[in-house]
Each structure stands twice: as structure tokens, then as C-alpha cells.
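The block underneath contains the structure these notes are about, expressed in C-alpha cells.
The values are calculated or read from the model by the stated rules, or taken from the named source; none is laboratory data. Since the model is a prediction, treat every value here as computed from it, not as a measurement. Every residue, glycine as well, gets a Cβ built from its backbone with ideal geometry; the counts of neighbours run over all protein chains shown.
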Amino acid sequence: MDGSNLLSIILALTALGLACLALLFFWLAAILRLLKPLQLRRLPHNPVLRPIPEHWWESEAVFNPAAIYHDGRVHLFYRALGRDGISRVGYASSKDGVLFDERLAYPIFDRGAGFTPVKAKLSYTTLTYNQDLYASGGGWGGVEDPRAVKIDDSIYMTFEIFEHWQSLRLAITSLSHRDLDARKFNWTPHITMSPKGETNKNWVLFPEKINDKFAILHALTPRIMIEYVDSLEELRDNPIQSNNHRSGRPGKWDAFIRGAGAPPIKTEYGWLLLYHGMNPERGAGYNVGAMLLDLHDPTKILYQSENPILSPEEWYENEWKAGVVYASGAVVVGPDLFIYYGGGDKYVAAARSDLRDFLRKLTHHQHVVLTPVNR
């Protein structure tokens, strides 16, 4: 064998070795990414929305937003509180999900026809915005904690009606996407979904019909409960009978389940559902976890996060009502999952993650942070 052939063989083996080494580094990097804890990255300029003192209706707090992605923009319908202690819904939108360059100076949804009137003996001199006195986000009436989905040509918004301290009812209204495009908020008359004289929270509507029926998830424990209806009008005279069970996984971060977060997001692996939980032995507050529900039977949990994916750690999650992250809105923009949440019952904040990476970690049970649920 002459020298030139030997040199060619050496060069070929060297190239093969380098290629194998590069492939090894690629797989090691992929494994390391998979082994990183499942978590969300907060946007660096959080909070994305703050109270505006000059706007009487949102001067004290803006939080717990609904979110949809429509016509190339992220639309937020957020809960707002002014000095009168009444919750209303405000509006903001963003092209990239990060910078909200549009925000209206007036509420887009307020108490109106069909709402329970305030008792005459109550007055604004005694009932105003007060975080210490009123547990419901500092307010005592109005429209609370909206969630939103887009089904066909309509935007559906669920929300809670604060009637009095023993009656918190779930309701739903809708808006055509053309009205949203024109920023004309001609909401349909709302339909109450839960009975009078009960306190219900955190119900979510699926963003598409299941077996040609609207699907409303209204309980997570002791099992997931979903009501299916042909028409939402059915709920006017036949409200959903739910429960107020809060028991979770004993000894874990979600030993006490507070309820669902944002409406489910459909993925190839299942319905991605965010939810809120806490462990009373470790203190009060809200943390956010994730579940994957079966696409065909969403009462079945496929995977569930072993640890929270978002916990109250930043100043805007602890400044007013300490220890609260309330993830009521989530959308997918390009490759990213954006989660919008209320921080400390005062601000709107956001976090993001690559959706494919998020799902990969949630579905690979060898990940040290996550375990599958066999149900």
C-alpha cells in the first residue's frame, strides 16, 4: 500500500470518527434537554399588563386573563378592578404574544341585563376595593375570571358572576369573530351554567365540540367530570350539577386541587390542561401544573406533572396577594406555548415554552420530574 492510499484511509477514518463524535454530542444534547425540568420561562418584561390609575374601572388591579389566538394576534380578555370593587372585563392584544400594543380604555364586558341587582342596603361607601376585607380578588361583585375559546365563527367566554358571598355562578356568552375583528363587543345575553346559592369556579369549555356536543369540564376531583350538551341554551333551565371537592394527591404539591386553569389545548398526544393546586402543609397559594387528557375520553388522565410547572417566585406574583399564579389563558403561537396568568391578584404576566419540548417532557415518564398516570 503506497503512502497516498494510506493517507486517504486515515483521512476517511478521521472524518468518520468526527461524524460519529458529532452524532454522539447531538444525542447527548438531546438527552440533556429532555432531562431538564419541565418549566416555563417567564417573559423578561413581566408583568405584561398593569393597572392604569387614570382608568377608573381598572385602577387597582388587572389579572386572571382569558386568551385566544385569532387572525394573527393574541387577544386577552382580562379581569379588571377599580376603586368600586366591581369586576369588569378589559381587552388587550398583541401580534407576537409578548408586547401588547393594543389596549382599550373602556371595559368590553360589564354587568348588564340579567345580573342579580345589588341589595339596596349596600353602598360604595362601605363596599369598595379592599384586598384584606374581600377574598374574591379584593372585589365583591361583577364579572370574574374569564376564559375564552374559539369554536367555528364564534368566540365563547365563560366567567363567574359574583352574586353574593354564598353564590358564585358560572356563565357563558359569545361574540362573532367579525365583531371581534371590528372591536365591536356585542356579546350575546349570557347563560348561567351553575345553580343559584352555590359557589362554583374554574369551569372550562373545550375549544371544539366532542362527538358534536359542547363539552364543559366542571370538576377535577375525585374524578374529572365533563358535561356534554347539544346546545348551550339547554343550561338555562338545567344547570350543571357539580361538586366542590378539592382533594388531590396526598403528600404532593397538589394535595389540594383548586381547579382547572386555561381551557384545554388540543395536541397530538392529548388535551393539554393546566390546573391549580397547593399543599396546605407547605403554605397557602396557587401553583400551576399540567395534565394530558385522552383525546377521545378526556375524563382519562394520561400524564400529570409531578411538580409545579410554575410557582409564585417573582415580585409581581407576591406584591399584593402573596403566592398566587392563576393561569387562566393559554395559546399556541408558532412553535411556542404561551401561558397568561394573574400574578398576586394584581398583574397580568406571561410565560412561554417550546410546545414540542414541553410535550416531550410531559410524555416521557423517565423524566425525573414527571410520572405517568395509569387510569
*Can you name the residue in region 306-327 that is buried (at least 24 other Cβ atoms within 10 Å of the Cβ) and within 11 Å of residue 349 (Cα to Cα) and, of all such residues, is farthest from the chain's Cα centre (by Cα)?*
317
*Given (1) at pLDDT below 95; (2) surrounded by 19 or more Cβ atoms within 10 Å (Cβ to Cβ); (3) not aliphatic (A, V, I, L, M), where does residue 249 come up short, assuming only one miss?*
(2)
*Select, from 69, 106, 78, 91, the only residue that is at pLDDT 95 or above, assigned to a strand (DSSP E or B), surrounded by fewer than 18 Cβ atoms within 10 Å (Cβ to Cβ) and of a type in the set (Ser, Thr, Tyr).*
69
*asked:* Out of everything in region 195-210 that is assigned to a loop (DSSP other than H, G, I, E, B) and modelled with pLDDT under 95, what residue ends up being nearest to residue 273 (Cα to Cα)?
replied: 201
*When you go through (1) on the phi > 0 side of the Ramachandran plot; (2) touching a residue at least 60 places away in the same chain (Cβ under 8 Å) one by one for residue 323, which number turns out not to apply?*
(2)
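Here is a yes/no grid of residues against (1) among the β-branched types (Val, Ile, Thr); (2) more than 21 Å from the chain's Cα centre (by Cα):
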site: 159; (1), (2): no, no
site: 167; (1), (2): no, yes
site: 175; (1), (2): no, no
site: 189; (1), (2): no, yes
site: 227; (1), (2): no, no
site: 240; (1), (2): yes, yes
site: 254; (1), (2): no, no
site: 272; (1), (2): no, no
*Only one residue in 269, 275 is aromatic (Phe, Trp, Tyr), out of contact with any Cys (no Cβ under 6 Å at 6 or more places or on another chain), crowded, with 20+ Cβ neighbours inside 10 Å and within 24 Å of residue 355 (Cα to Cα). Which one?*
275
*Quickly run through region 172-194 and pick out the residues that are surrounded by 15 or more Cβ atoms within 10 Å (Cβ to Cβ) and part of a loop (DSSP other than H, G, I, E, B).*
185, 187, 190, 193, 194
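Quick one: would you say residue 150 is surrounded by 15 or more Cβ atoms within 10 Å (Cβ to Cβ), out of contact with any Phe, Trp or Tyr (no Cβ under 6 Å at 6 or more places or on another chain), in contact (Cβ under 8 Å) with a residue 40 or more places away in the chain and assigned to a loop (DSSP other than H, G, I, E, B)?
Working: surrounded by 15 or more Cβ atoms within 10 Å (Cβ to Cβ): yes; out of contact with any Phe, Trp or Tyr (no Cβ under 6 Å at 6 or more places or on another chain): yes; in contact (Cβ under 8 Å) with a residue 40 or more places away in the chain: yes; assigned to a loop (DSSP other than H, G, I, E, B): no.
Here the answer is no, as residue 150 does not meet what is asked.
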*Which ones in region 222-246 are within 16 Å of residue 277 (Cα to Cα) and either buried (at least 19 other Cβ atoms within 10 Å of the Cβ) or touching a Gly at 6+ places or on another chain (Cβ under 6 Å) (or both)?*
224
*Taking only pairs six or more apart or across chains, which ones have beta-carbon atoms under 8 Å, a first residue in region 357-368 that is under 17 Å from residue 273 (Cβ atoms) and among the hydroxyl-bearing types (Ser, Thr, Tyr), and a second residue that is at pLDDT 90 or above and surrounded by 14 or more Cβ atoms within 10 Å (Cβ to Cβ)?*
363/269; 363/292; 363/302; 363/303
_region 212-226 residues that are of a type in the set (Phe, Trp, Tyr), paired with ones that are buried (at least 19 other Cβ atoms within 10 Å of the Cβ) and part of a strand (DSSP E or B) (beta carbon under 8 Å, 6 or more apart)_ = 214/205
*Among (1) more than 21 Å from residue 46 (Cα to Cα); (2) at pLDDT 95 or above - the single one residue 362 does not satisfy*: (2)
*In region 220-237, how many are modelled with pLDDT under 95 and farther than 25 Å from residue 294 by Cβ?*
2
